Ligand code: ADP
């Protein structure tokens, strides 16, 4: 099994690239979505997060109120670290369970916003990515794309400054894909990337 970590800053086109790789035969695991699953009702991290943060972040049914949880950790690095120390191992366990269900010859793409900034996708050696693909685009284009998708410009810029820099992502990349043109250009670059990936997967 070849496991690839795919990352990029907000608006870079990471999710678009993930979906194109899916079209070419990769199994895509949306790691960010698993972050929501683990704290949803019945999720692996639900009980531990409520125990750690208290009823103030729970709704009337005792389930996690995501907005309240977000307020509890926003701008508070220590609180955020407490949360991720519970949620990230749960997400990694979730990823491991998904990987264990897949055929051994699968090419898996872990689509994740925070690769450089976290230990996600590297829970244990058998369930870790061995290659990293980074999607890049100029900052102004990323802001434009995210705003078009419905985010407020100030929120996009705040997110960009809280995320890793292009240099930090590039430092861990095995391949970088530039998404600074139109979608046809991106398709051509993803085709090239797919050949590279097939080379990585070759025995
Ligand atoms: P990310 O997951 O990196 O935040 P997305 O893949 O969701 O970014 O892309 C952000 C938005 O930009 C989406 O609406 C997507 O359709 C659009 N987009 C991505 N790449 C291109 C491109 N090369 N040309 C035009 N629009 C693009």
Subject >> Principal axis dimensions, largest first and in whole angstrom, of segment 1-151 by Cα >> reply: 45, 40, 25
Original post:
Out of the DSSP beta bridges found with both residues in the chain, what percent are antiparallel (nearest 5)?
Top reply: 10
Original post:
With axes computed from alpha carbons, what is the tilt in degrees of helix 139-148 against the longest principal axis of the chain, rounded to the nearest 10 within 0 to 90?
Top reply: 60
**OP:** Take peptides 82-92, 59-69, 184-194, 22-32 and line them up by average Cβ neighbours within 10 Å, highest first, as a rough protection proxy.
**Re:** 82-92, 22-32, 184-194, 59-69
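Apply the a/c threshold of 1.5 to the C-alpha gyration tensor of segment 29-76 and tell me whether it is rounded, prolate or oblate.
Working: a/c = 1.96, a/b = 1.25, b/c = 1.57.
Verdict is oblate for segment 29-76.
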Subject >> Per-selection metrics, segment 116-165 (Cα): Rg and Dmax in Å >> reply: 14.4, 40
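Quick one: compute the contact order of the chain, relative version, from alpha carbon pairs under 8 angstrom and 6+ residues apart, as a percent. Can you show the working numbers first?
On the way: 285 pairs, mean separation 71.6, N = 203.
Relative contact order here is 35 percent.
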**OP:** Rounded to whole Å and sorted largest first, list the principal axis extents of the Cα atoms in segment 141-203.
**Re:** 46, 27, 14
**OP:** Quick one: P(r) of segment 70-166 from all Cα-Cα pairs, 5 Å bins, percents rounded to integers, in order of increasing distance.
**Re:** 2, 10, 17, 19, 16, 17, 12, 5, 1
Subject >> Cα Rg, Dmax, segment 1-61, angstrom units >> reply: 16.1, 45
**OP:** Just rank 16, 196, fewest to most, by other beta-carbon atoms within 10 angstrom.
**Re:** 196, 16
Subject >> Nearest-ten-degree value, helix 153-162 long axis tilted from longest Cα axis of the chain >> reply: 90
Original post:
What is the helix-to-structure angle for 77-100, meaning the angle in degrees between its Cα long axis and the longest Cα principal axis of the chain, kept from 0 to 90 and rounded to the nearest 10?
Top reply: 60
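Computed from the coordinates by the stated procedures, all read-outs in this text should not be read as laboratory data. Note that the structure is predicted; figures quoted are calculated from it, not measured. Cβ sites come from the backbone with ideal geometry, for glycine too, and all protein chains shown count toward neighbours.
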